[in-house]
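J.: My questions will all concern the structure given below.
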Amino acid sequence: MPELPEVETYRRFLDELVVGQTITAFEVLDAHVLGTPEDTLRPALVGRTISGTSRLGKNCFLLLDNGQVLVLHFGMSGDVGAYRDAADAPRFTRVALHLDSGLRAAFVDPRKFGRIRLAESVAAYQQAKKLGPDALELTVSELTDRLTKRKTLLKPLLLDQRLTAGLGNWIVDEVLFQAKIHPERIANTVTAAEVKRLHAAVQLVLTTAIAAEANYRNFPASFLIHAREWDESATPGTDSHEFCPRHPRTRIEKKYVGGRATYFCPKCQPEPAE
């Protein structure tokens, strides 16, 4: 599933490809991914120039020269691509923006859970979807305010996009591991020092993932993600990835917290007292 790091990678790709370009045609190959009707999107887009790109959490925005924005949400399997000729369109291209450069920007989505919408602005979309601040822009004081008032489990709260936009399941596990906090801590029991560690861990995890262009096999061996059963790239040919990188004799545990598969180190992240 495309998470914040993937979407930021897509945004940077689109920023180089489409900014300054005028949309000459709006090609719909599968209307299932349209969150705004095609007969509304086409006249709103054709002839408009793309003035910039933006991102909020897992949402990517193409900024139009009239102030409106095209919202790209990638669902479970969405991606972007570029091509010139129809025969070269990426497989599972659902929508293509034809640009005056001769290139076409493709919205690619094998499973068709992604959506393309028109919004009046990024702020209007954020308000309509009740999204919190982007996870990379969340401040320590904002995080403190959001945690100290809540008597709920920490992991599900961090996954709530109303708290902050962009933290997905593996990211929250990684953040909690790096901050050495158990996923079942009650939010309002987290100390001021732990909030600072959480905030620093959010920055570390997201900036590391973005720098690696969301290729998790290039993450440091000190990251928990290698223990998520499917990635032994940090320790090829061994089972070392199943153990804590800080405590090689402690096996990473898996349980379900708030209905989501959760990985943690029982030594680094001790269970909260009853």
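J.: Please count how many residues of the range 163-174 are part of a helix (DSSP H, G or I) and either among the polar types (S, T, N, Q) or more than 15 Å from L4 (Cα to Cα) (or both).
T.: First, the residues of the range 163-174 that are part of a helix (DSSP H, G or I): 169-174.
Subsequent filtering for residues that are either among the polar types (S, T, N, Q) or more than 15 Å from L4 (Cα to Cα) (or both) retains 169.
Result for the range 163-174: 1.
J.: With (1) of a type outside the set (S, T, N, Q); (2) more than 20 Å from V172 (Cβ to Cβ); (3) out of contact with any helix residue (DSSP H, G or I) (no Cβ under 7 Å at 6 or more places or on another chain); (4) at pLDDT 90 or above as the list, and K254 as the residue in question, which single condition is left unmet?
T.: (2)
J.: I'm trying to understand the selection: among the residues of the range 148-162, which are at pLDDT 95 or above and either surrounded by 20 or more Cβ atoms within 10 Å (Cβ to Cβ) or part of a helix (DSSP H, G or I) (or both)?
T.: Scanning the range 148-162 gives L154, K155, P156, L157, L158, L159.
J.: Next question, about the same structure. I'd like the full set of residues that are crowded, with 18+ Cβ neighbours inside 10 Å and assigned to a helix (DSSP H, G or I), limited to the range 175-196.
T.: Answer for the range 175-196, where residues must be crowded, with 18+ Cβ neighbours inside 10 Å and assigned to a helix (DSSP H, G or I): V175, L176, F177, Q178, A179, A187, V195.
The values are calculated or read from the model by the stated rules, or taken from the named source; none is laboratory data. It should be emphasised that the depicted structure is a prediction, and the values quoted were computed from it without experimental measurement. Counting neighbours? That spans all protein chains shown, and the Cβs are built from the backbone with ideal geometry, glycine included.
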